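Below is one structure, written out as structure tokens; comments come after it.
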Amino acid sequence: MSTSSQLLSRRSFGRLAAGVAGAAGMGALGACTTRGGRPSADTPLRIMAINHVWSQAIRRRTKEFEERIGRRVSMTLLTADQLASSYNVKLNASGTDVDVMMVRALQEQLLFAHNGWLADLSDRVTQDEDFAWPDFQKAPREASLTAGKVLSVPVVTERPALYYRKDLVEGVGGPPRTLEALMSAAQELTEKKKGFYGFVGRGQRSGAVSQWSSFLYSHGGDFVVGGRSGIGSPEALAAYAYYGRLLSRTGPPGATNMSLEQAMPIFAQGKAAFYIDADAIYSSFLDPKVSTVRETVGFAPFPAGPAGARPHNIPSWSLGISEFSLLRDDAWEFVKWAAGPEVTADLQKDGIPGARGSVWSDPESLASFPPDLAEAMRLNAERGLGYDRPRVLQVGRARDIVGRPLVAGILGNDVRPVARDADAEFADFLVRDNRHKES
Amino acid sequence: MSTTEVSPTARPATVPGEGPAPARRPRTFEQANRRLKWTMLAPALLFVGLMIVFPLVYTLDLSLTDAFGAVNAGRTYVGLQNFTDALGDTRRFWPAAQRTLVFTVGAVILETVLGLALAMLMRKPFRGMRWVRTVLIIPLLTTPVAIGILWLLILDPTNGIANHLLAGVGLPRQEFLGSVSQSLPTLMLIDVWQWTPMMTLLLLAGLTTLPEEPEEAARVDGANGWQRFRHVVLPMLGPTLATALVLRAVDALKTFDILYATKGAGGGSDFEVETLNVYAYGLTFDYQEYGLAAAVLVLFTLFIVGVVVLLRRRGGRKTA
């Protein structure tokens, strides 16, 4: 073999290798290019959602929707943390592979609006009469608005319910109507040596804040009062001390590591007398596969504190459309269908609380809920405030600050010095957060 | 045989009026080889550029800005402000740096001591050695997230089997990962459970390559087992030990998955397991403070490089 032919083959190989590398590089860069382009008929409508009873029910019905729009639907269900991280990664890259986004209006919407990640749905919701936008409850509808624009449509609402053991409360005067009564009943029923606890609830620094909010409001406090930090107020201190005392004296060990996933099974397995958490999870206690208390669980409205019963009543999950979606019309069709009066009523009949006023006034749609739960939901909705966490841009950071005194209380420490420190930190945070809002 | 040196860049001169220039002479093998080398390297270089150099440079660039919310949103260069903020943060940054160091030092020392002890025990062949080696490898093959969830279930303060076992032998119940004070030590023990086998296997490989004569000579001179280990085996094992130590220390410094799987975002309710890695993740994904997060990551990288240099110097001095 001559040198030249060897050289030729090497050169050809070299060109080929360079070509392949170049093509791979361009391909990789091309994949990053997200704007523009026309989706083909085969492109699925991509929906990213929380793994929740609502999204599971919707996924079971997607065939019906696919036939309606003549396009395949691809639905990804993730945990709340995974979903938030996915949005962060995909939308930071202006990715077109998300069309419909399930978002927490109170947690992410302000930030996503600041980033320009959510499409403005104002015209679509108001111009379509069949969609009946005014039919949505006032608090969830207001939470969908940011800077006067509708950025999401609420699909699931939530209030705190008091879950209790009917077989145990007989001896302590029935289900407690006040926080004071809850404390004494929980203390009376606690038998830590036998592994039985009077009360179980969320204790994680950030995760507990949303449930604690109802305790805060019912003590007369709020996260922000007159534009300033409210977590150092006497009312907030009383709420911190109360919640800390309740969990440290009557709660299970390891309460500071508990969010919904850890607290709920303790009540479901019959190891606690009282539990306060979202009413949307009630079916977990009626499911024989996971619950040993299905015969004995009772439901009651949030107990009254010194300032009365002031629970939260929030849109826990909403649907938005990505600003980078190339299938916005189909995405809107999905939102219209999934949040429409018909599907909302059907889902509520299956026990999934919706955000439309009409379904709450329809006795048929409430028939699936246990009667005492339906009554508790109605009362809590009537008394409730439309938010359960600070209404700021960086909700995660705010929750971390607000939750610190909570943890101190659960650990049995004096909440006052921690609350003073958290109050100062929260005040600084609010200044920075406002600066971010204006940027 | 005479050879003519030809400059790689020299071209045959064309003299006007003397006809066409002679045909280009084929390149020498060395020339072709040099070009081919770069051609073959190109894909790897492209990969390194895209996957390593670009992210590093981008992180450095981001660390000098006030990037918040979305990385592609407008951002302003703020100089070293993020570094000043991070280094002045006594609430989160310094406690996280301290936890990173405590976790790494504690876990790596335990893993080294246990790994060396196990390797010494397994040095001489014994019946069932294959089984022991197979069992040792199991924790290494399991993903950290699965391990985290597994231990979370075992150590659950209310329903976990660990407390049932403790109660069975009359010991008080423990909160383990549910406790603010016990979480970090518990996670260090989980890390020891997972990574001691790797240290064992590395050190065992080192031990099997050692010559037997020096130890034999020490035995003849009357040295006991501990003296032989301390003055003969350990110095000879030095280079392997140093390498294993550096590898494990760097890996332990970067631990994230098991902390996240067991304690979630934020490193626990009182930030009890928030290391620099967990803190940087929180700044990025929970707070969307990309500029500050990038600065923390740059400082963290410098910290890791510092630890590696220190360990290599100490390792080098010992083995010299």
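Residue by residue, here is whether (1) of a type outside the set (A, V, I, L, M, F, W, C); (2) within 14 Å of chain A (Cβ to nearest Cβ) holds:
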{"position": "B:248", "(1), (2)": "yes, no"}
{"position": "B:259", "(1), (2)": "no, yes"}
{"position": "B:271", "(1), (2)": "no, yes"}
{"position": "B:275", "(1), (2)": "yes, no"}
{"position": "B:291", "(1), (2)": "yes, yes"}
{"position": "B:294", "(1), (2)": "no, yes"}
{"position": "B:304", "(1), (2)": "no, no"}
Of the listed residues (A:151, A:182), the one being within 19 Å of residue A:213 (Cα to Cα) and either at pLDDT 95 or above or among the basic types (Lys, Arg) (or both) is A:182
Using the structure shown, decide if residue B:165 is of a type in the set (A, V, I, L, M, F, W, C) and over 24 Å from the mean Cα position of the chain (by Cα). yes
Could you list, in sequence order, all residues of region A:159-178 that are surrounded by 24 or more Cβ atoms within 10 Å (Cβ to Cβ) and either of a type in the set (Ser, Thr, Tyr) or within 13 Å of another protein chain (Cβ to nearest Cβ) (or both)? A:163, A:164
Return the only residue of B:76, B:100, B:142, B:112 being polar (S, T, N, Q) and within 14 Å of another protein chain (Cβ to nearest Cβ). B:76
Show me the helices (runs of 4 or more DSSP H) found entirely inside region B:29-100 where at least 2 residues are hydrophobic (A, V, I, L, M, F, W, C), buried (at least 16 other Cβ atoms within 10 Å of the Cβ) and touching a Lys or Arg at 6+ places or on another chain (Cβ under 9 Å). B:29-48
Subset of region A:294-312, residues open to solvent by less than 10 Å² (accessible area, probe 1.4 Å) and in a loop (DSSP other than H, G, I, E, B), comes to A:302, A:303, A:311
Flag if residue A:222 is away from chain B (no Cβ under 14 Å), surrounded by fewer than 22 Cβ atoms within 10 Å (Cβ to Cβ) and outside any helix (DSSP H, G or I): yes
Consider residue A:89 against the criteria (1) modelled with pLDDT of 90 or more; (2) closer than 27 Å to residue A:113 by Cβ; (3) away from chain B (no Cβ under 14 Å); (4) open to solvent by 20 Å² or more (accessible area, probe 1.4 Å): it satisfies all of them except one. Which criterion is unmet? (3)
Sole miss for residue B:217 among (1) aliphatic (A, V, I, L, M); (2) within 14 Å of another protein chain (Cβ to nearest Cβ); (3) loosely packed, with under 15 Cβ neighbours inside 10 Å is condition (2)
Expected single match for aromatic (Phe, Trp, Tyr) and assigned to a helix (DSSP H, G or I) among A:240, A:163 is A:240
Can you name the residue in region A:375-398 that is part of a helix (DSSP H, G or I) and open to solvent by 20 Å² or more (accessible area, probe 1.4 Å) and, of all such residues, is farthest from residue A:214 (Cα to Cα)? A:397
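Residue-by-condition table, conditions (1) free of Cβ contacts under 8 Å to residues at least 12 places away in the same chain; (2) open to solvent by less than 30 Å² (accessible area, probe 1.4 Å):
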residue: B:180; (1), (2): no, no
residue: B:206; (1), (2): no, yes
residue: B:223; (1), (2): yes, yes
residue: B:240; (1), (2): no, no
Looking only at residues that are within 21 Å of residue A:380 (Cα to Cα), within 14 Å of chain B (Cβ to nearest Cβ) and touching a residue at least 24 places away in the same chain (Cβ under 8 Å) in region A:245-286, which one is least open to solvent (accessible area, probe 1.4 Å)? A:275
Sort out which residues of region A:101-138 are in contact (Cβ under 8 Å) with a residue 60 or more places away in the chain and assigned to a loop (DSSP other than H, G, I, E, B), and write them in order of number. A:104, A:105, A:106, A:107, A:108, A:116, A:117, A:119, A:121, A:128, A:132, A:137
Looking at region B:134-156 only, could you name the residues that are closer than 16 Å to residue B:260 by Cβ and open to solvent by 70 Å² or more (accessible area, probe 1.4 Å)? B:143, B:145, B:149, B:150
Out of everything in region B:110-126 that is over 24 Å from residue B:253 (Cβ atoms) and crowded, with 17+ Cβ neighbours inside 10 Å, what residue ends up being modelled with the lowest pLDDT? B:122
Here is a list of conditions, (1) farther than 22 Å from residue A:110 by Cβ; (2) out of contact with any Ser or Thr (no Cβ under 6 Å at 6 or more places or on another chain); (3) touching a residue at least 60 places away in the same chain (Cβ under 8 Å); (4) among the aliphatic types (A, V, I, L, M), and residue A:367 meets all of them except one; can you say which number that is? (3)
Residues of region A:179-205 satisfying the condition of being crowded, with 16+ Cβ neighbours inside 10 Å, touching a helix residue (DSSP H, G or I) at 6+ places or on another chain (Cβ under 7 Å) and in a helix (DSSP H, G or I): A:179, A:183, A:185, A:186, A:189
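Okay, residues lined up against (1) farther than 22 Å from residue B:89 by Cα; (2) of a type in the set (S, T, N, Q); (3) open to solvent by less than 50 Å² (accessible area, probe 1.4 Å):
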| position | (1), (2), (3) |
| --- | --- |
| B:254 | no, no, no |
| B:265 | no, no, yes |
| B:277 | no, yes, yes |
| B:295 | no, no, yes |
| B:310 | yes, no, no |
Residues of region A:406-439 being in contact with a Leu (Cβ under 8 Å, 6 or more places away or on another chain) and not small (Gly, Ala, Ser), which ones? A:410, A:415, A:416, A:433, A:436, A:437
So is residue A:291 over 21 Å from residue A:154 (Cβ atoms) and outside any helix (DSSP H, G or I) or not? yes
What about residue A:187, is it within 14 Å of chain B (Cβ to nearest Cβ) and closer than 23 Å to residue A:216 by Cβ? no
Odd one out for residue B:107 among (1) small (Gly, Ala, Ser); (2) in a loop (DSSP other than H, G, I, E, B); (3) at pLDDT 95 or above: (2)
Taking region A:110-123 on its own, how many of its residues are surrounded by 18 or more Cβ atoms within 10 Å (Cβ to Cβ) and within 13 Å of another protein chain (Cβ to nearest Cβ)? 8
Is it true that some residue in region A:77-97 is in a strand (DSSP E or B) and either under 17 Å from the mean Cα position of the chain (by Cα) or touching a residue at least 40 places away in the same chain (Cβ under 8 Å) (or both)? yes
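The values are calculated or read from the model by the stated rules, or taken from the named source; none is laboratory data. It should be emphasised that the depicted structure is a prediction, and the values quoted were computed from it without experimental measurement. As a convention, Cβ positions derive from the backbone with ideal geometry for all residues, glycine included, and neighbour counts pool all protein chains shown. Accessible surface is based on the protein model in full, side chains and every heavy atom, while ligands, DNA and RNA are left aside. Shrake-Rupley method; radii C 1.70, N 1.55, O 1.52, S 1.80 Å.
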